[in-house]
1. Which far-off residues, 5 or more places away or on another chain, put their amide H under 5 Å from the one on residue 97, with H placed in the peptide plane?
2. Once the other residues with Cβ under 15 Å from the Cβ of residue 59 are scored (Lys, Arg +1; Asp, Glu -1), what is the net sum?
3. In debye, nearest 20: dipole of the range 136-231 around its Cα centre with unit charges on the Cβ of K, R (+) and D, E (-)?
4. I'd like the Karplus ³J(HN,Hα) series for the range 183-197: coefficients 6.51, -1.76, 1.60, θ = phi - 60°, whole numbers in Hz, and an x wherever there's a Gly or Pro.
5. Can you put 94, 20, 189 in order, fewest other beta carbons within 10 Å first?
6. Quickly rank 212-224, 81-93 as a protection proxy: mean count of other C-beta atoms within 10 Å, highest first.
7. What dipole magnitude, in Debye to the nearest 20, does the range 41-216 give about its Cα centre under +1 on Lys/Arg Cβ and -1 on Asp/Glu Cβ?
Amino acid sequence: MNRQIRQLAGGLMACYVILFVALNYWQVGRKEELDSQFDNTRQVLREFNKPRGPIVTSDGIVAAVSYPSAPGEPYDYRREYPTGDLLADVTGYFTFAFGSTQVERLYGDVLSGTTAEQQVRSLGDLLSGDVDAAGSVELALRHDAQSLAKFMLAGRTGSVVVLEPKTGAIRAMYSNPTYDPNTFVNADFEVAQETITELQNAEDNPLLAQAYQERYMPGSTFKVVTTGIAL
């Protein structure tokens, strides 16, 4: 009898260990993969029903922000881009139907407050009554420099990139043609689908950030030397 009990206990312990390992494999080891799946609507719904942190320029202008939705809207919060098409190539967009791009995607865990550091901090905040763990992202770009780049390009096709010589920080990076994410991020699905399809099929490809997603033949690098000698 004792032998049978020991065997049963050993079997139950083995099942417990297998279950523990399997749960950790999926919930910890494969967490990021599961969260990033497009058909994981539970994760997407969770992100749309809590505040998402802002994206701001280095001179304090808000480029992306979340506001509480109006009564009757499907999600608790809506994402808006106050600068319109000025910074779209950098901020990207965050949508329920079409996913996210650029900074919205690259720093999505920070903006949604799901990094390990934010989760630990939010546990303490929960005890104090502050449950907003969302983080913000500050760009090196300056709104005034970006606006000037757009003005100087004057509607022509191309890109303007401005770097700070001492630090290498990118202060402006504007491309034309571009797009305004506000036209589809909060729109009705059919309207959003029509808008995004038009952008994808446009001959001038406004969804392409020409400053860093396009390839160009290099210019004459030796002119830098001759210019330096002349100076």
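Each reported figure results from applying straightforward, stated rules to the coordinates on display, with no laboratory input. Because the structure is predicted, anything quoted here is derived from the model rather than measured. Note: ideal-geometry Cβ built from the backbone for every residue, glycine included; neighbour counts use all protein chains shown.
1. Excluding prolines and chain starts, which carry no amide H, there are no hits.
2. Numbers: positive: 142, 171; negative: 138, 144, 164.
Every neighbour counted, the sum reads -1.
3. The calculated dipole for the range 136-231 is roughly 820 debye.
4. Per residue, the Karplus-derived 3J(HN,Hα) values read 6, 9, 5, 10, 7, 3, 4, 5, 5, 4, 4, 5, 5, 5, 5 Hz.
5. 20, 189, 94
6. 81-93, 212-224
7. That gives the range 41-216 a dipole magnitude of about 440 debye.
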